[in-house]
């Protein structure tokens with residue numbers, strides 16, 4: 001394949017990480033094509049009425065001139081919004097896209113494979129492209145985790161929280177929500193407000209509530225000790241906020257730091273919305289049995305529930321081999337650990353020219369990669385690698 005003076009780069013995915021990547025690469029003069037439906041995961045797999053747990057300051061998508069933030073997007077001067085609603089964030093995402101990548105190609109990439117020292121992309125209409133580099137920013141869609149008792153059951157009885165954009169369909173139904181994180185707890189609140197009869201069941205000993213502007217205020221000094229990313233605590237949060245620090249730590253510390261940054265928790269502003277929703281903690285579902293169009297659950301204390309539906313707020317299990325557009329021989333060439341790609345500076349895999357953005361980068365660059373705020377580290381690092389610039393020794397994710 002003939003090389004151009006600047007590498008031709010294809011970005012697979014047009015969510016926050018794909019758009020941030022396009023913004024930084026194009027600012028650096030790189031020839032970029034970006035494929036996918038804009039903000040697709042947020043449109044199709046997030047429930048109506050959702051509010052982002054992260055504050056506005058840590059929900060901005062990265063752009064090289066810091067000129068495309070939620071504040072810049074805000075329609076009213078002095079907007080005092082602290083948390084964006086899903087609708088606001090979607091509008092913001094499309095506004096951001098219109099400024100950095102108005103030419104997004106909405107066609108789906110069906111196959112990425114190695115070819116002629118670079119990569120060949122096959123699109124859903126059969127057209128093919130050859131490029132020097134591929135940036136995978138394809139999100140979480142293939143990775144919802146369903147615990148063993150629920151995995152074999154039909155979607156009419158059990159579904160993952162990411163499978164719904166409107167929980168109003170469960171109005172009048174009896175629903176058990178599994179989990180104690182934001183997704184589970186906010187889903188429970190939305191279900192309750194939609195008229196469902198809801199119970200939350202979690203294996204955790206208690207629900208961990210986060211404090212912030214809309215909850216119990218921290219003292220000013222204590223609050224200042226937390227990173228502006230809103231991810232993690234006073235120590236692990238600052239480590240996560242500097243991915244170059246995280247990746248230089250002994251690997252034995254990775255699980256502890258990651259867990260403390262992403263362990264299940266709910267926003268404090270959910271507390272009043274769940275006042276009438278029973279929350280059962282320290283319990284696990286050990287057996288399920290369909291009964292016609294309902295489901296019987298047996299818990300580890302011997303108690304039972306018979307419900308119309310179970311909604312799983314159980315998170316995601318990353319394994320890049322489940323990206324069905326990656327050719328198997330390409331996937332097999334990627335150095336991986338437990339499904340995660342092992343990434344070098346610039347978020348590049350062991351296959352030269354192949355990069356992963358977002359949650360798949362969390363093993364190598366820390367838990368901040370699971371959040372929109374991680375674009376502030378990942379996109380500039382990617383751009384520097386693509387244009388051959390040395391990485392800065394220390395870059396933050398804010």
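The values are calculated or read from the model by the stated rules, or taken from the named source; none is laboratory data. The structure displayed is predicted, hence computed values, not measured ones. Counting neighbours? That spans all protein chains shown, and the Cβs are built from the backbone with ideal geometry, glycine included.
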Given (1) farther than 30 Å from residue 293 by Cβ; (2) under 25 Å from the mean Cα position of the chain (by Cα); (3) not in a loop (DSSP other than H, G, I, E, B), residue 186 misses just (1)
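Residue by residue, here is whether (1) surrounded by 14 or more Cβ atoms within 10 Å (Cβ to Cβ); (2) under 20 Å from the mean Cα position of the chain (by Cα); (3) part of a strand (DSSP E or B) holds:
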| site | (1), (2), (3) |
| --- | --- |
| 83 | yes, yes, no |
| 103 | no, no, no |
| 111 | yes, no, yes |
| 126 | no, no, no |
| 138 | yes, yes, no |
| 141 | yes, yes, no |
What number of residues within the range 372-398 are part of a loop (DSSP other than H, G, I, E, B) and surrounded by 24 or more Cβ atoms within 10 Å (Cβ to Cβ)? 1
Answer yes if at least one residue in the range 52-71 is more than 13 Å from residue 19 (Cα to Cα), touching a residue at least 12 places away in the same chain (Cβ under 8 Å) and touching a strand residue (DSSP E or B) at 6+ places or on another chain (Cβ under 8 Å), and no otherwise. yes
Pick from 358, 366: which is farther than 12 Å from residue 137 by Cα, buried (at least 23 other Cβ atoms within 10 Å of the Cβ), in contact with a helix residue (DSSP H, G or I) (Cβ under 8 Å, 6 or more places away or on another chain) and assigned by TED's automatic domain parsing to the domain that holds residue 19? 366
Filtering the range 183-199 down to residues that are more than 15 Å from residue 163 (Cα to Cα), in contact (Cβ under 8 Å) with a residue 60 or more places away in the chain and touching a strand residue (DSSP E or B) at 6+ places or on another chain (Cβ under 7 Å) yields 185, 192, 198, 199
Considering only the range 163-181, state which residues are surrounded by fewer than 21 Cβ atoms within 10 Å (Cβ to Cβ) and under 23 Å from the mean Cα position of the chain (by Cα). 163, 164, 165, 166
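Restricting to the range 143-163, and then to whatever is assigned to a loop (DSSP other than H, G, I, E, B) and touching a helix residue (DSSP H, G or I) at 6+ places or on another chain (Cβ under 8 Å), can you tell me which residue is farthest from residue 15 (Cα to Cα)?
155
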For the range 20-48, what are the residues that are in contact with a strand residue (DSSP E or B) (Cβ under 7 Å, 6 or more places away or on another chain) and more than 15 Å from residue 134 (Cα to Cα)? none
Scanning the range 291-311 for residues that are free of Cβ contacts under 8 Å to residues at least 12 places away in the same chain and within 21 Å of residue 168 (Cβ to Cβ) gives none
Residue 200 being farther than 30 Å from residue 10 by Cβ, part of a strand (DSSP E or B) and more than 24 Å from the chain's Cα centre (by Cα): no
Got at least one residue in the range 274-290 being touching a residue at least 60 places away in the same chain (Cβ under 8 Å), at positive phi and surrounded by fewer than 19 Cβ atoms within 10 Å (Cβ to Cβ)? yes
Please go through the range 55-72 and pick out each residue that is outside any helix (DSSP H, G or I) and either out of contact with any helix residue (DSSP H, G or I) (no Cβ under 7 Å at 6 or more places or on another chain) or not assigned by TED's automatic domain parsing to the domain that holds residue 19 (or both). 55, 65, 66, 67, 69
Failed item, numbered, when residue 342 is tested on (1) more than 30 Å from residue 52 (Cα to Cα); (2) loosely packed, with under 14 Cβ neighbours inside 10 Å; (3) assigned by TED's automatic domain parsing to the domain that holds residue 14: (1)
